[in-house]
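Novice: Sharing a structure with you now.
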Amino acid sequence: MLDFFTIFSKGGLVLWCFQGVRGPAAAATAPVNALIRSVLLQERGGNNSFTHEALTLKYKLDNQFELVFVVGFQKILTLTYVDKLIDDVHKEFRDKYRNEFQQKGTLGLLNGTFDFKDDFLRLLREAEESSKVRAPTVMKTFEQSVKSQKTVKCMIETRGEKPKEKVKTKKNKGSKKEGVETVTASNKAAPGEKQPSSAGDKEELTKDEILQKNREEFFKRHMKAGEKSSKSPKPDTQKEKGKKPRVWDLGNSNAKVLDYSDSTTNGNSEACPVEEFDPDVALGDRNREPGRLYDLEYESDEEAEEEKVIQNTSKPSTKKGGLGGMFGMLKGLVGSKSLTREDMDPVLEKMKDHLIAKNVAAEIAVQLCESVAKKLEGKVMGTFTTVTSTVKQALQEALVQILQPQRRVDVLRDVMDAQRHRRPYVVTFCGVNGVGKSTNLAKISFWLIENGFSVLIAACDTFRAGAVEQLRTHTRRLNALHPPESHGGRTMVQLYEKGYGKDAAGIAMEAISYARNQGFDVVLVDTAGRMQDNAPLMTALAKLIAVNAPDLVLFVGEALVGNEAVDQLVKFNKALADHSMAQTPRLIDGIVLTKFDTIDDKVGAAISMTYITSKPIVFVDVSEEHALPRD
């Protein structure tokens with residue numbers, strides 16, 4: 001049973017709505033708004049299904065008239081007719097109000113009345129009837145089975161009797177086996193051979209006679225097989241004698257054949273006359289300089305593909321004539337054609353390969369191209385635009401939309417807001433091993449100190465040897481760059497550490513309490529690096545975040561990773577949700593992208609990370625010094 005079915009424009013105007021469950025009219029508002037925010041606005045239309053709380057939403061886009069069709073039902077139900085229903089409703093609604101959309105445009109949507117309830121109920125009944133489950137097949141009774149037709153006599157096997165061979169009923173071998181059976185039957189029926197006529201005759205023979213008879217049949221069978229194998233068919237045609245001349249691709253077509261097979265070689269010079277030099281027959285170009293090597297001319301694969309495309313496009317124009325080809329070309333440029341999936345597939349395939357080459361995860365590249373295809377399918381092209389430019393522009397817009405944060409990210413403003421409430425602003429860093437959490441924590445500390453905020457670093461990496469010493473070195477360098485004398489005797493950065501082997505969540509809690517008492521503005525919590533599959537360490541991280549409730553949870557990831565970024569972020573978020581005891585678990589709030597200066601133009605990791613988490617990239621690491629990070 002459907003909860004609701006709604007049709008609205010991409011501008012947000014609801015054209016028609018059906019509610020299948022009694023309740024407030026706003027019951028469908030929250031799921032549809034979540035679909036718009038999380039899928040339509042974030043260019044995640046690769047999959048036509050979306051789950052919101054207890055509902056499953058399926059949608060279909062009409063890019064020609066800028067319409068969206070959405071159906072919602074309980075996710076515990078398995079409704080097989082939903083896809084057919086949404087396609088039928090889309091087709092029926094388009095056909096019924098096509099003229100109104102084309103003639104009035106936006107005014108038609110604002111002033112139009114869409115009476116579609118009767119048509120929708122009819123389509124719903126047809127879809128439900130077509131998806132009714134067929135009745136289960138009735139099991140055969142014993143009397144109807146093949147086994148019931150067998151008698152007891154045919155199932156008794158006599159001692160010394162060979163079991164009957166099962167008849168194989170394969171279509172491709174049936175004719176051959178029938179021929180073989182007839183030959184063997186005729187051989188067995190040959191005169192001079194004694195064959196038992198019935199099972200009773202076999203029982204009259206003694207055991208030794210049966211063995212002797214089997215030996216004779218075995219030797220006769222092998223003698224016949226040897227005679228057949230010795231008779232080999234003669235080839236119908238004999239191979240041509242003599243050598244065939246080799247034709248070189250770069251040689252001239254009128255070159256003489258050097259064939260000395262008929263000459264006699266006993267020192268007789270008359271039999272092998274010396275050939276005179278013919279300049280017309282010489283290989284190569286006579287105008288070339290002697291002794292100089294020239295490069296071979298070849299065509300690249302891209303040039304060959306371009307030639308194929310030009311040939312394919314020129315074929316219909318030659319058939320229609322010169323004017324027909326010219327008008328066809330102009331017709332394709334002036335925007336009278338709506339885009340189809342077949343037109344976009346070659347361009348999307350190249351775009352997908354380009355994204356993967358730029359280090360975008362393969363799964364993300366496929367979903368991006370699928371989302372662009374659904375966004376453009378059925379859309380009328382603009383004036384003097386090509387399919388390639390249209391798809392490229394849509395993909396660029398999708399990438400910009402993905403990288404654009406869904407919420408405001410302003411760390412300095414949030415720190416100032418925490419100052420007004422007389423509490424420290426807490427930031428927790430997490431990530432896998434070796435990505436640069438401690439180093440980038442020191443860089444962000446330098447950035448905060450440059451903006452006039454005091455920082456307390458909590459050394460909660462009690463697992464890795466040397467982690468505390470590394471933070472102590474960073475603190476000493478930062479204090480050297482910003483001594484207390486430059487800030488009125490106020491210490492701008494301090495390290496809070498309790499050694500190794502302690503509980504990280506307890507150390508973080510003590511550090512936050514210490515920062516509140518000493519008046520520090522920001523607390524930066526450094527955690528141990530852990531792989532996404534390490535369950536005990538992921539549980540400890542979830543405990544640290546749940547107990548201390550930091551203001552910002554940053555995932556530190558490398559810009560060098562490709563497909564691994566997807567696995568890391570998905571499992572980190574899943575572990576934080578699974579191991580958290582809170583009703584609404586705290587997940588990752590932002591991303592710190594490290595080693596960005598080592599990847600040249602392969603910046604696909606940024607796309608992969610933001611697409612998976614829908615979280616913004618807060619900082620980008622571009623150097624090894626305590627310089628200002630890019631935010």
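The values are calculated or read from the model by the stated rules, or taken from the named source; none is laboratory data. In this text, all values refer to a predicted model and were calculated from it rather than measured experimentally. Heads up, the Cβs are rebuilt from the backbone with ideal geometry, glycines too, and the neighbour counts pull from every protein chain shown. Each accessible area value is taken on the protein alone, full model and side chains, heavy atoms only, with ligands, DNA and RNA left out. Shrake-Rupley method; radii C 1.70, N 1.55, O 1.52, S 1.80 Å.
Novice: Of the conditions (1) open to solvent by 50 Å² or more (accessible area, probe 1.4 Å); (2) hydroxyl-bearing (Ser, Thr, Tyr); (3) closer than 26 Å to Glu497 by Cα, Thr527 satisfies every one except a single condition; which number is it?
Specialist: In the conditions (1) open to solvent by 50 Å² or more (accessible area, probe 1.4 Å); (2) hydroxyl-bearing (Ser, Thr, Tyr); (3) closer than 26 Å to Glu497 by Cα, Thr527 misses (1) alone.
Novice: Kindly evaluate Arg490 against the criterion of being in contact (Cβ under 8 Å) with a residue 12 or more places away in the chain, farther than 30 Å from Lys571 by Cβ, surrounded by fewer than 17 Cβ atoms within 10 Å (Cβ to Cβ) and touching a strand residue (DSSP E or B) at 6+ places or on another chain (Cβ under 8 Å).
Specialist: Values: in contact (Cβ under 8 Å) with a residue 12 or more places away in the chain: yes; farther than 30 Å from Lys571 by Cβ: yes; surrounded by fewer than 17 Cβ atoms within 10 Å (Cβ to Cβ): yes; touching a strand residue (DSSP E or B) at 6+ places or on another chain (Cβ under 8 Å): no.
No, not satisfied.
Novice: Let me ask another. Can you tell me which residue is most open to solvent (accessible area, probe 1.4 Å) among those in segment 448-469 that are more than 40 Å from the chain's Cα centre (by Cα) and among the polar types (S, T, N, Q)?
Specialist: Here the answer is Asn451.
Table: residues versus (1) of a type outside the set (Ser, Thr, Tyr); (2) touching a residue at least 40 places away in the same chain (Cβ under 8 Å); (3) open to solvent by 60 Å² or more (accessible area, probe 1.4 Å).
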{"residue": "Met351", "(1), (2), (3)": "yes, yes, no"}
{"residue": "His354", "(1), (2), (3)": "yes, no, yes"}
{"residue": "Val360", "(1), (2), (3)": "yes, yes, no"}
{"residue": "Ile364", "(1), (2), (3)": "yes, yes, no"}
{"residue": "Ser371", "(1), (2), (3)": "no, yes, no"}
{"residue": "Leu376", "(1), (2), (3)": "yes, yes, no"}
{"residue": "Thr390", "(1), (2), (3)": "no, yes, no"}
{"residue": "Leu395", "(1), (2), (3)": "yes, yes, no"}
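Novice: Something else: Which numbered condition in (1) of a type in the set (S, T, N, Q); (2) open to solvent by less than 20 Å² (accessible area, probe 1.4 Å); (3) not in a helix (DSSP H, G or I) is the only one that Gln568 fails?
Specialist: (3)
Novice: Oh, and also: Do you know which residues across segment 23-62 are more than 17 Å from Ile76 (Cβ to Cβ), modelled with pLDDT of 80 or more and part of a helix (DSSP H, G or I)?
Specialist: Passing the criteria: Thr29, Ala30, Val32, Asn33, Ala34, Leu35, Ile36, Arg37, Ser38, Val39, Leu40.
Novice: Conditions: (1) more than 30 Å from Val570 (Cα to Cα); (2) in a helix (DSSP H, G or I); (3) among the hydrophobic types (A, V, I, L, M, F, W, C); (4) within 45 Å of the chain's Cα centre (by Cα). Ala480 meets all but one. Number of the miss?
Specialist: (4)
Novice: Against the definition (in contact with a helix residue (DSSP H, G or I) (Cβ under 8 Å, 6 or more places away or on another chain) and in a helix (DSSP H, G or I)), how does Ala373 come out, yes or no? Walk me through it before giving the result.
Specialist: Values: in contact with a helix residue (DSSP H, G or I) (Cβ under 8 Å, 6 or more places away or on another chain): yes; in a helix (DSSP H, G or I): yes.
The answer is yes for Ala373.
Novice: Right, another one. Does Leu399 count as part of a helix (DSSP H, G or I), open to solvent by less than 10 Å² (accessible area, probe 1.4 Å) and touching a residue at least 24 places away in the same chain (Cβ under 8 Å)? Reasoning before the result, please.
Specialist: On the way: part of a helix (DSSP H, G or I): yes; open to solvent by less than 10 Å² (accessible area, probe 1.4 Å): no; touching a residue at least 24 places away in the same chain (Cβ under 8 Å): yes.
So Leu399 does not fit the description; no.
Novice: Here is a further query. Name the single residue, out of those in segment 475-487 being out of contact with any strand residue (DSSP E or B) (no Cβ under 6 Å at 6 or more places or on another chain) and in contact (Cβ under 8 Å) with a residue 40 or more places away in the chain, that is most open to solvent (accessible area, probe 1.4 Å).
Specialist: So the residue we want is Arg477.
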